[in-house]
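Some notes on the structure that comes next.
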Ligand code: SF4
């Protein structure tokens, strides 16, 4: 326990590793302009968008709430056989998602680390766990072609 992974540069931070916990925990509020943009980018008619992708319980006068399906954001897709969830609207995701930053002290990121990687975070924000689990996680992070969560150009 407590060994540092090779990819740990001693900084108390790590990139988003796409566990999807935050996208399962919260419903994202979007502006009407963002809703229009998403519906247009996806080629979905406005009425269909409202009905299939937003929560009818929210007033929707100045903003909308994205609905959850299968207990997560309607736009989040689980990768088969991997502990990875892909945001299917990543290139034009709403501001509240862009502003959400991952980190070792985020409860949701810690839950994802524990659930998918059997890892914890110590008081200094460093990853802790069995060396084989740390190595597996580091290999996974280094397999990302760029920063996790960033769109391919
Ligand atoms: S690592 Fe953190 S920010 Fe990224 S999906 Fe998981 S909970 Fe969300």
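The values are calculated or read from the model by the stated rules, or taken from the named source; none is laboratory data. Model, not experiment: these values are computed from the prediction. Reconstructed Cβ throughout: ideal geometry from the backbone, glycine too, with neighbour counts over all protein chains shown.
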Next on the checklist: Scan segment 62-85 and tell me whether some residue there is more than 18 Å from the chain's Cα centre (by Cα), outside any helix (DSSP H, G or I) and in contact (Cβ under 8 Å) with a residue 40 or more places away in the chain.
Outcome noted: no
Checklist entry - Which one is surrounded by the fewest Cβ atoms within 10 Å (Cβ to Cβ) among residues in segment 109-132 that are away from the ligand (no atom under 16 Å from the Cβ) and in a helix (DSSP H, G or I)? => result 132
Next on the checklist: Regarding segment 140-151, can at least one residue be identified that is loosely packed, with under 11 Cβ neighbours inside 10 Å and within 14 Å of the ligand (Cβ to nearest atom)?
Outcome noted: yes
Next on the checklist: Condition first: at pLDDT 95 or above, out of contact with any helix residue (DSSP H, G or I) (no Cβ under 9 Å at 6 or more places or on another chain) and within 15 Å of the ligand (Cβ to nearest atom). Can you find one or more residues in segment 58-67 that meet it?
Outcome noted: no
Next on the checklist: Pairs please, first residue from segment 11-40 and free of Cβ contacts under 8 Å to residues at least 40 places away in the same chain, second anywhere and crowded, with 21+ Cβ neighbours inside 10 Å, Cβ atoms under 6 Å, 6+ apart in sequence or on different chains.
Outcome noted: 35/64
Item to check | Residue satisfying all of: in segment 88-104; more than 10 Å from the ligand (Cβ to nearest atom) and touching a residue at least 60 places away in the same chain (Cβ under 8 Å); surrounded by the most Cβ atoms within 10 Å (Cβ to Cβ) among these | outcome: 94
